[in-house]
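A short worksheet on the structure shown next.
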Amino acid sequence: MAKQHVSTTVNGEPVEFLCAPEQTLLDVLRDELHLTGSKEGCATGDCGACSVTLDGRLVCSCLVLGAEVGGRKIETIEGMAKGDELHPLQKKFIEHAALQCGICTPGVLIAAKSLLERNPDPSETEVRYWLAGNLCRCTGYDKIVRAVMDAAADMRSA
Amino acid sequence: MNDMTTTSLQQSEFKIVGTRPARPDGVDKVTGRAKFGADLYLANMLVGKVLRSPHAHARIKSIDTAKALALPGVKAVITAADFGDLPSEFIPAGEMMVNFKDMTRNVMAREKALYEGHAVAAVAATSEAIANKALKLIRVDYEVLPHVMDVVQAMEADAPLLHEDMYTINVEPRPAKPSNIAKRVEFALGDIAAGFAKADIVVEREFTTQPVHQGYIEPHACVASVSEDGQAELWCTTQGQFIVRSFCAKLLGMEVSKLRVTASEIGGGFGGKTVVYVEPLALALSRKACQPVKMVMSRVEVFQASGPTSGAKVWVKMGATRDGKITAAEAVLKYQAGAFQGSPIQPGCMCAFAPYDLENVKVVGFDIVTNRPKVAAYRAPGGPISEYGVESVVDELAQKLKLDPIELRLKNAAKEGTKAAYGPKFGPIGLVQTLEAARAHPHYKVPLKANQGRGVASGFWFNIGGETCAALNLGEDGSVTLVAGTPDIGGSRASLAMMAAEELGIALEHVRPVIGDTSALGFNFLTGGSRVTFSSGMAVIEAARDMIGQLRERAAKIWEIDLKDVTWQGGYARAVRDPAKKPLSLADLANTMGKTGGPIVGNAAINAQGAGPSLATHIVDVEVDPETGKTTVLRYTAIQDAGRAIHPSYVEGQMQGGAAQGIGWALNEEYIYDAKGHLANPGFLDYRIPVCSDLPMIDTVIVEVPNPRHPYGVRGVGETPIVPPMAAVSNAVSNATGIRFTELPLSPPRVLKAIEAKGASA
Ligand code: FES
Ligand code: FES
């Protein structure tokens, strides 16, 4: 089947690409746009390593087709820092050692940012359930949860 | 051989060691910049895909690849015929052994496919869609054979045979017939019968564990590029670029120096990335196509064809006197190796009773092949399985003797001078300290409610050293590039840079650590065996001392004084006899190095010896829902001897991550095969690793009993944390329910069944 031409917005920038009908948004981000910060851990919606936001909504980009994103707004990990200023979550992840290998980190950060946009003062339980779709095999989640709570506290007082 | 026993700095003198600076690769990893295995894209790059056996056991009668090769866009097709056969020869690779005859068959099936998912052919094409289409055009004529999945069934005389030429080794006389039992091992100390005769109480149990996968979130991935003249580049996610080079060069019949391997950032390994799968296939495809080839495993492929660790039968018998002295301990361990021999049975046997000071011990182990993927190392390979059985029996002994389980362990704990059943006498080790810290921890006193239980278990792991190189290159402005050869899997660039800065006496920000490719340094053994902070740390310290020697020489030359009158202290060369001479900083000496003798490079090439075992004690509280059998972990505390925690946050991270993996192993994780030998749960939905909402915070206590064989006292810490959790959780569930559990995982259906059976019999 012929490739489709798609115009969309990624991290605030207009972007155009050609994609095959079976290519997912994750495939497009990685293979066509070479935005490799979004990771593929499963391709079935079970690990969250591919998390991005689509019109502000948290999605697994492996479950979205590239052809569906025309005219929409996509935010990926590459757009999280503004200039040389890291997002508070990014700073806190480094400070709290909330990553070991770092493969889950982009997805976890995107998911956590999306949580704090909805709920600036989450409880530990709320953080844990919100992040339940983001697998991390290295950290046992302890330092991730602490980093998210600490970033939330900082952002509330900012 | 290298043996650095001198401790140059005392704890009170450390300025950087023991602090918690930002890791040097942190920004790259929180911004998505860090490049992992699948993140490399080259011009003209092809996509490689593997055709895998749909059968658990089948003879391969023929493979016809002509149609696939004829498909437009297909650039190369390979089968086992593209790899030369290799003789059977066992080579030690850290904690495991490798055999190239088996390795070449595991990466590409030859005579037989031995498990579902076993690679039988591979293609490289201009797109993934074409590659997938080409796989469908390959015709494999299989003769399906009966298969065997279970370790006990595989040992039976009439079991389907995986390898017609496998005769059990280490048994006298040599067996007349081949079998699925690759070898028998035995470790003994004292007189086991006499020991049991002295016991007032004996507990004997048989335990079952299931294979579990390392579960790294990043699938195996690589890009290979072989040029027309046979020079090759390989980019891959691995725990050891040098090991990948050795393995691939051997499998492809290449000269080692023709192959340069670059380790990408690695998205978790836990032992599972110490072997090769797609890497030799990508090289073979690229060699045929003369184009770069990228291969990335799908999650299904990861589950079907990589990892896991052994499932096992573990029989344990222990006897003790009324006052809690263990008089004898015996175990029989049957570990399944998967399709090729080489389960971690040896370390499993050696670890079994290692935490205890025992006079009479006997451990017998068997390595057994089954129609499952070949096991790979998984964090303390072999240890968690045998120690789960032993720590469960120790708990039951304590219960029967009405002794506190920590008290019983303290009465029998191994310490400095204890002779282990597997041979050595221990140097200073920290089990007693972890037990005392556990007993004193507030967690141990929290009152429990109905349906709640507390479990305790200890754990032991050897840790290793081995071949290691490091270089410190002095920049002309006084900054330093640190080159290490061990992939950084969880923050080791931070700890290595900290040790370099500490030894040189300079600020941490002036040291930039990088992981070199195989052309940058001499041979390095892999990241595994909890050896990186120990061995690469030792190499970095030695390289720093080498550099300091050169810096002193340069200062002596500038000052025209004797070398012995120049010291290096706090980042400056100082003239000891002439305090009027202004001390020279690293930057001063770097600025002038062109005139004082040329570039300054600190080098180390060592075989690190003296790795210190690390011991741990974990406490866990659980609540078991009597209606559903579901176990919730309420509280968890991990206490471990780190020797010296260079960067405590990453030591804690190892302890927390290992505990979480162990909780998954204890409660949920298992491979489920159907009657045909097909894996029923090859995905994260059904192979359920712990998610964030499954766990509580994991409290940690770092105990420091310095390892005298490391200049800063470091022990490995990465593996021990996965040893105690299975027994700790199982003991907690047993205490919560009043039912002694002997099978993992403690999934809700299994626990509920036992609760109902108990209710029915009550
Ligand atoms: S890759 Fe999308 S959820 Fe795992
Ligand atoms: S840090 Fe490795 S998976 Fe989360």
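Modelled spin-label separation between residue B:449 and residue A:34, with each label point placed 7 Å from Cα along the Cα-to-Cβ direction: 5.7 nm. Using only the Cα atoms of region B:570-636, build the gyration tensor, take square roots of its eigenvalues as a ≥ b ≥ c, and label the shape rounded, prolate or oblate: rounded if a/c is under 1.5, else prolate if a/b is larger than b/c, else oblate. Prolate is the answer for region B:570-636, as a/c is 1.5 or above and a/b outweighs b/c. Each Lys or Arg adds one and each Asp or Glu takes one away; over the other residues whose Cβ falls under 13 Å from the Cβ of residue B:605, this sums to -3. Accessible surface for residue B:710 stands near 0 Å², nearest 10, in the context of the full protein assembly shown (1.4 Å probe). In the protein assembly as shown, the calculated helix contribution to ellipticity at 222 nm averages -8000 deg cm²/dmol per residue, counting -39,500 (n - 2.57) for every DSSP H run with n ≥ 4. Given R0 = 56 Å, the distance between the Cβ atoms of residue B:61 and residue B:567 translates into a calculated FRET efficiency of 0.15.
Comparing the chain by itself with all protein chains present, which residues of region A:98-126 are at least 40 Å² less accessible (probe 1.4 Å)? So the qualifying set is A:99, A:100, A:101, A:103. Taking a point 7 angstrom from the Cα of residue B:165 along the C-beta vector, which residues in region B:364-385 have backbone N less than 14 Å away? Those under the cut-off are none; the list is empty. Using a ≥ b ≥ c from the Cα gyration tensor of region B:598-685 (square roots of the eigenvalues), is it rounded, prolate or oblate, where a/c under 1.5 gives rounded and otherwise the larger of a/b and b/c decides, a/b for prolate? Oblate. Among the listed pairs A:39/B:101; B:313/B:400; B:325/B:425; A:73/B:273; B:325/B:415, those whose Cα-Cα separation exceeds 27 Å are A:39/B:101; A:73/B:273. Modelled spin-label separation between residue B:257 and residue B:509, with each label point placed 7 Å from Cα along the Cα-to-Cβ direction: 4.2 nm.
The alpha carbon radius of gyration of region B:534-573, expressed as a multiple of 2.2 N^0.38 Å, is 1.31. Any idea what log10 I(q)/I(0) is at q = 0.09, 0.18 Å⁻¹ for chain A, Debye with uniform C-alpha scatterers and no solvent? Reported log10 I(q)/I(0), two decimals: -0.28, -1.05. Estimated from the Cβ-Cβ distance and a Förster radius of 35 angstrom, the FRET efficiency linking residue B:194 and residue B:743 is about 0.65. The interface between chain B and chain A buries about 4000 Å² of solvent-accessible area in total (1.4 Å probe, ligands and nucleic acids excluded). Take the Cα of residue B:753, step 7 Å toward its Cβ, do the same at residue B:675, and the gap between the two points is 1.8 nm.
Neighbours of residue B:522 by Cβ distance under 15 Å: Lys/Arg scored +1, Asp/Glu scored -1, total -2. Compute the accessible area per residue over chain B, keeping the other protein chains in place, probe 1.4 Å, unit Å². For chain B, the solvent-accessible area averages 35 Å² per residue. Pairwise alpha-carbon distances in chain B exceed 42 Å for 33% of all pairs.
Computed from backbone phi, the HN-Hα couplings of region B:502-511 come to 4, 5, 6, x, 10, 6, 4, 5, 8, 10 Hz, rounded to whole numbers (Karplus: 6.51 cos²θ - 1.76 cosθ + 1.60, θ = phi - 60°; Gly and Pro given as x). Put simply, the Cα atoms of region A:4-79 extend 28, 24, 20 Å along their principal axes, the longest span coming first. Across all Cα atoms of region B:271-375, the radius of gyration (one decimal) and Dmax (whole number) stand at 20.5, 73 Å. Inter-chain neighbour count for B:644-654: the average number of beta-carbon atoms from partner chains within 10 Å of each residue's beta-carbon is 3.
Rounded to the nearest 10 Å², what accessible area does residue B:477 have for a 1.4 Å probe in the complete protein model? Residue B:477 exposes around 100 Å² with every protein chain in place. At the residue level, residue B:158 shows approximately 130 square angstrom of accessible surface with a 1.4 angstrom probe and all protein chains present. A simple count of charges around residue B:743, restricted to other residues whose Cβ falls under 11 Å of its Cβ and scoring Lys, Arg +1 and Asp, Glu -1, yields +3.
Here the gap between residue B:578 and residue B:208, fully extended at 0.36 nm per residue and compared with their Cα-Cα distance, gives a gain of 126.1 nm. In region B:196-237, burial by the other protein chains removes 40 Å² or more of 1.4 Å probe accessible surface, compared with the chain on its own, from B:217. Positive-end ranking of B:551, B:71, B:405 along the dipole of chain B, with charges on Cβ about the Cα centre, is headed by B:71. Burial annotation for region B:681-697: residues with an accessible-area loss of at least 20 Å² between the isolated chain and the complete set of protein chains, computed on heavy atoms with a 1.4 Å probe, are B:684, B:685, B:689, B:690, B:691, B:692, B:693, B:695, B:697. Listed by chain and number, the aspartates and glutamates whose C-alpha is less than 15 Å from the C-alpha of residue A:82, apart from same-chain residues fewer than 8 away, are A:13, B:28.
Under the criterion of Cα pairs below 8 Å and six or more residues apart, the relative contact order for chain B equals 16 percent. Shielding by partners for peptide B:262-269, expressed as the average number of C-beta atoms from other protein chains within 10 Å of each residue's C-beta, is 4. Full extension of the segment from residue B:441 to residue B:158, taken as 0.36 nm per residue of separation minus the current Cα-Cα distance, would add 96.5 nm.
Under 17 Å from a label point 7 Å along Cα→Cβ of residue B:70: give me every residue in region B:112-147 with its amide N that close. Residues B:133-140 qualify, since their backbone N sits under 17 Å from the label point.
Based on every Cα atom in the protein assembly as shown, Rg and the maximum pairwise Cα distance Dmax equal 27.8, 92 Å. Which of rounded, prolate or oblate describes region B:435-576 when judged by the alpha-carbon gyration tensor and an a/c cut-off of 1.5? Prolate shape, in that a/c is at least 1.5 and a/b is the bigger ratio.
A Förster distance of 45 Å, applied to the separation of the beta-carbon atoms of residue B:132 and residue B:91, puts the FRET efficiency at 0.80. The mean accessible area for residues of chain A, using a 1.4 Å probe and ignoring ligands and nucleic acids, is 40 Å² per residue. Translational D (Stokes-Einstein, µm²/s) of region B:351-496 at 20 °C and 1.002 mPa s when Rh comes from the Kirkwood sum over C-alpha pairs? Stokes-Einstein gives a translational diffusion coefficient of 111 µm²/s. For region A:88-157, the alpha-carbon radius of gyration amounts to 0.96 times the rule-of-thumb value 2.2 N^0.38 Å expected for a compact globular protein. Remark: relative contact order (region B:672-762) = 10 percent; criterion is Cα-Cα distance under 8 angstrom and separation of 6 or more residues. In a fully extended conformation the segment linking residue B:607 and residue B:43 would gain 199.1 nm over its present Cα-Cα distance, using 0.36 nm per residue.
When you restrict to C-alpha pairs under 8 Å that are six or more residues apart and normalise by the size of chain A, the relative contact order lands at 23 percent.
Listed peptides A:129-135, B:217-223, B:739-745, B:121-127 appear in the order B:217-223, B:121-127, A:129-135, B:739-745 once ranked by packing, highest mean of other Cβ atoms within 10 Å at the front. Using a probe radius of 1.4 angstrom, the carbon and sulfur fraction of the accessible surface of chain B is 52%. Accessible area of region A:4-79 with a 1.4 Å probe: how many percent of it is carbon plus sulfur? The computed percentage sits at 49.
The values are calculated or read from the model by the stated rules, or taken from the named source; none is laboratory data. Given the structure is predicted, the values throughout are model-derived calculations rather than measurements. Here the Cβ is made from the backbone with ideal geometry for all residues, glycine too, and neighbour counts use every protein chain on show. Heavy atoms of the whole protein, side chains included, go into the accessibility calculation; ligands, DNA and RNA do not. Shrake-Rupley method; radii C 1.70, N 1.55, O 1.52, S 1.80 Å.
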